[in-house]
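Read the structure below first, then the notes.
The values are calculated or read from the model by the stated rules, or taken from the named source; none is laboratory data. These figures come from a predicted structure and were not determined experimentally. For neighbour counting, all protein chains shown are included, and Cβ atoms are generated from backbone atoms with ideal geometry for every residue, glycine included.
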Amino acid sequence: MRTRRGAAVAMLAVALLTMPLAACAGDQKAAGEGFTVGLLLPSRTVPRWEHADRPLIQAQVKKLCPGCRTEYANAENDVTRQRQQMISMVTKGARVLILDAADTRALRSSIQEADRAGVPVIAYDRLAEGPITGYVGFDGLQVGRLQGEALLTALGRRAGSARVVMMNGDPTSPNAESFRKGALDVLTGRVRIARSYDTPDWSTQNAHANMSAAIAALGPNRIDGVLAANDNIAAGVVAALKRAGVSELPPVTGQDADLDAVRRVVKGEQYMTVYKPFAKEAAAVAAMAVAVGRGGDPRDIATTTVDSPTTRRIPSVLLQPYAVTAGDVERTLVRGGLYTEGQICTRELLAACKRAGLTR
């Protein structure tokens, strides 16, 4: 990865959400021209895709290009379906595709076909293989490091003898491997990795099954911490621990700042989550898609380049993730505008919210 001047990243975070229409346009004629942007997301399993990413991207495309329309499709974790959705969008005349691949390797041939048809593909959140035009996402290694560091903090002096279970993400996602590597960069040699599992589809049910197997193998009270790759997985972990009768839950990590997970963090059932500012990610990919759709250069939006297994120096925007524990919820998520105090603090959580500084 090669990074431009460090100031560019900070400037982009402000500029993306306030970017005037002309910033992505060539001349005035191009600025007024409408076209179709295809948006392909991978599943409904992870809440953020439908609740955050889809509406945010659609709104930003409309803001930057009032004459443009966004055609949306969800793959429902089905690679064949996503291939068909891509073909359909290209056939119907989409000028640019935003793709969060259900399987980044399996979609390579479809990306090649789109490229041959003259339709650029911008990878979103997961770095797809093949001739992609640009990429917008977060540094997966840093996400994993934040999770590992938080787990070590929670374990404190017990870390040296702690038995940790790793609940990794979907093995078809390159992000899952990045999260795992980032976490191991921090944890290796400092805790004992007692068990490690992959979680197909990032699903709560698969995580519950894996955690139940870990509890059966290790004993319900002999697990000192759980490195859960995201909040969906954390939900399955917590449910399995409760079902096994564990009264004092070990620290459990997460990612995505899902509302249910934030409530678990406040309540003390989940130690932390990683917040990735979706509004900035959506704004960046919309800006890149509109610029490319108008014939512009994705490097005008990018702040860095990354290499995929098939393509070097892909113009990219990598945004900063944030670790969130109970004490960070008000400052990071409420003041940051992701949730209101009322959304988080249900009646049963009022006492916990008060302890976390969310209510007075």
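A few points about this structure:
- Residue within segment 275-286 that is in contact with a strand residue (DSSP E or B) (Cβ under 9 Å, 6 or more places away or on another chain), surrounded by fewer than 16 Cβ atoms within 10 Å (Cβ to Cβ) and farther than 22 Å from Lys63 by Cβ present: no
- Of note, Leu155 satisfies the criterion of being in the same structural domain as Asp260 (by TED's automatic domain parsing) and either surrounded by fewer than 23 Cβ atoms within 10 Å (Cβ to Cβ) or within 24 Å of Thr45 (Cβ to Cβ) (or both).
- Restricting segment 113-158 to residues that are basic (Lys, Arg) and touching a residue at least 12 places away in the same chain (Cβ under 8 Å), the residue that is nearest to Gln255 (Cα to Cα): Arg145
- Test: residue in segment 315-327 that is without any contact (Cβ under 8 Å) to a residue 40 or more places away in the chain, surrounded by 24 or more Cβ atoms within 10 Å (Cβ to Cβ), within 19 Å of the chain's Cα centre (by Cα) and farther than 25 Å from Thr104 by Cα: no
- Comparison of Ser161, Ser110 shows that the only residue that is out of contact with any Ser or Thr (no Cβ under 9 Å at 6 or more places or on another chain) and either closer than 30 Å to Leu249 by Cα or at pLDDT below 95 (or both) is Ser161.
- Applying the set (1) without any contact (Cβ under 8 Å) to a residue 60 or more places away in the chain; (2) of a type in the set (Gly, Ala, Ser); (3) surrounded by fewer than 21 Cβ atoms within 10 Å (Cβ to Cβ) to Ala261 leaves exactly one unmet item: (3).
- Unmet requirement for Ser173, which otherwise passes all of (1) more than 25 Å from Arg263 (Cα to Cα); (2) buried (at least 21 other Cβ atoms within 10 Å of the Cβ); (3) in contact with a helix residue (DSSP H, G or I) (Cβ under 6 Å, 6 or more places away or on another chain): (3)
- The test for being among the hydrophobic types (A, V, I, L, M, F, W, C), assigned to a helix (DSSP H, G or I) and touching a strand residue (DSSP E or B) at 6+ places or on another chain (Cβ under 8 Å) does not hold for Ala194.
- Matching residues, segment 116-147, being surrounded by fewer than 21 Cβ atoms within 10 Å (Cβ to Cβ) and of a type in the set (Gly, Ala, Ser): Ala117, Gly118
- Just so you know, in segment 205-228 the residues that are touching a residue at least 40 places away in the same chain (Cβ under 8 Å), of a type outside the set (A, V, I, L, M, F, W, C) and not in a strand (DSSP E or B) include one that is surrounded by the fewest Cβ atoms within 10 Å (Cβ to Cβ), and it is Arg222.
- Filtered residues of segment 239-266 (kept if under 24 Å from Ala52 (Cβ atoms) and assigned to a loop (DSSP other than H, G, I, E, B)): Thr253, Gly254, Gln255, Asp256, Ala257, Asp258
- Number of the exception - Asp297 against (1) out of contact with any Asp or Glu (no Cβ under 8 Å at 6 or more places or on another chain); (2) in contact (Cβ under 8 Å) with a residue 24 or more places away in the chain; (3) more than 20 Å from Trp49 (Cα to Cα): (2)
- Within segment 267-288, the residues that satisfy the criterion of being modelled with pLDDT of 95 or more, small (Gly, Ala, Ser) and in a helix (DSSP H, G or I) are Ala282, Ala283, Ala284, Ala286, Ala287.
- Just one of the numbered conditions (1) part of a helix (DSSP H, G or I); (2) at pLDDT below 95 is not true of Gly236: (2).
- Complete set of residues in segment 46-76 that are of a type in the set (Gly, Ala, Ser) and touching a strand residue (DSSP E or B) at 6+ places or on another chain (Cβ under 8 Å): Ala73, Ala75
- Only one of the listed residues (Thr70, Thr104) is surrounded by 18 or more Cβ atoms within 10 Å (Cβ to Cβ) and at pLDDT below 95. That residue is Thr104.
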